[in-house]
Amino acid sequence: MGEERIAIYPGTFDPLTNGHECIIRRGLELFDTVIVAVARDCGKQPLFSLDERVDIVREVFEGIPRVKVMPFAGLLMDFAHSVGAKAILRGLRAVSDFDYEFQMALMNRKLQRDVQTIFLMSDLRWMYISSTNIRNVASLGGDVRCLVPSSVIPRLRRAYHLPDSWPGESDCGHGDMPKEDDLFECRG
């Protein structure tokens, strides 16, 4: 057998969304191991601590040994070298993501030529969500239950001091959505 194919999926995951989860699961179709690298240095003040963000991802992927969750600080390429990764996994939601991601991929390639960046397009169902959108909607009491793993909801409730009844009852808007097969639904 050949060398283990390890990819890193880096991000702040503040919080982890269903879009993130889907990219990780799809990454497992391409790589032997996906390391979810939770960034300490993110250039912004996160809602959740580094330990909380790591715990959220670990809870979601508990029982899936091919997903490893590790915090990291500093240069991503240094981290990639330290864990023996040969690929950086990145999700793209829209054309607007590409410009930033392309620049980062070129810089990373300059720093570490033997590490490739692999872009996966977001599934249609998750194209409009981001951690920022999730935080904004939740902070105002909006229902994000269908956009994040279930373990994120109680953490958002505590962080924003929302009532125990939040987020209430919802059908997640599925009544007006196309069939899941049409949306390339990604659930484990």
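The values are calculated or read from the model by the stated rules, or taken from the named source; none is laboratory data. Every value quoted in this text rests on a predicted model; they were computed, and no experiment measured them. Using ideal geometry, Cβ is built from the backbone for each residue, glycine included, and neighbour counts are taken over all protein chains shown.
Values for this structure:
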| read-out | value |
| --- | --- |
| Filter result for MET127 (modelled with pLDDT under 95 and in contact with a strand residue (DSSP E or B) (Cβ under 7 Å, 6 or more places away or on another chain)) | no |
| Among the residues listed as TYR100, TYR9, the single one being among the hydroxyl-bearing types (Ser, Thr, Tyr) and buried (at least 22 other Cβ atoms within 10 Å of the Cβ) | TYR9 |
| Residues (part of a loop (DSSP other than H, G, I, E, B), at pLDDT 55 or above, within 23 Å of the chain's Cα centre (by Cα) and not polar (S, T, N, Q)) located in the stretch 146-186 | VAL148, PRO149, TYR160, PRO167, CYS172, GLY173, GLU185, CYS186 |
| Which listed residue, of VAL83, VAL54, VAL36, is without any contact (Cβ under 8 Å) to a residue 24 or more places away in the chain and out of contact with any Leu (no Cβ under 8 Å at 6 or more places or on another chain) | VAL54 |
| Filter result (at pLDDT 95 or above, part of a loop (DSSP other than H, G, I, E, B) and more than 14 Å from the chain's Cα centre (by Cα)) within the stretch 1-32 | ARG5, GLU29, LEU30, PHE31, ASP32 |
| Residue among LEU120, LEU106 that alone is in contact (Cβ under 8 Å) with a residue 40 or more places away in the chain and not in a loop (DSSP other than H, G, I, E, B) | LEU120 |
| Residues (part of a loop (DSSP other than H, G, I, E, B) and either in contact with a helix residue (DSSP H, G or I) (Cβ under 8 Å, 6 or more places away or on another chain) or among the small types (Gly, Ala, Ser) (or both)) located in the stretch 33-56 | ARG40, GLY43, PRO46, LEU47, PHE48, SER49 |
| Residue selected from the stretch 123-145 under the condition without any contact (Cβ under 8 Å) to a residue 24 or more places away in the chain and in a helix (DSSP H, G or I), by the criterion surrounded by the most Cβ atoms within 10 Å (Cβ to Cβ) | VAL137 |
| Extreme residue, modelled with the lowest pLDDT, among residues of the stretch 48-100 that are farther than 27 Å from TYR160 by Cβ and β-branched (Val, Ile, Thr) | VAL95 |
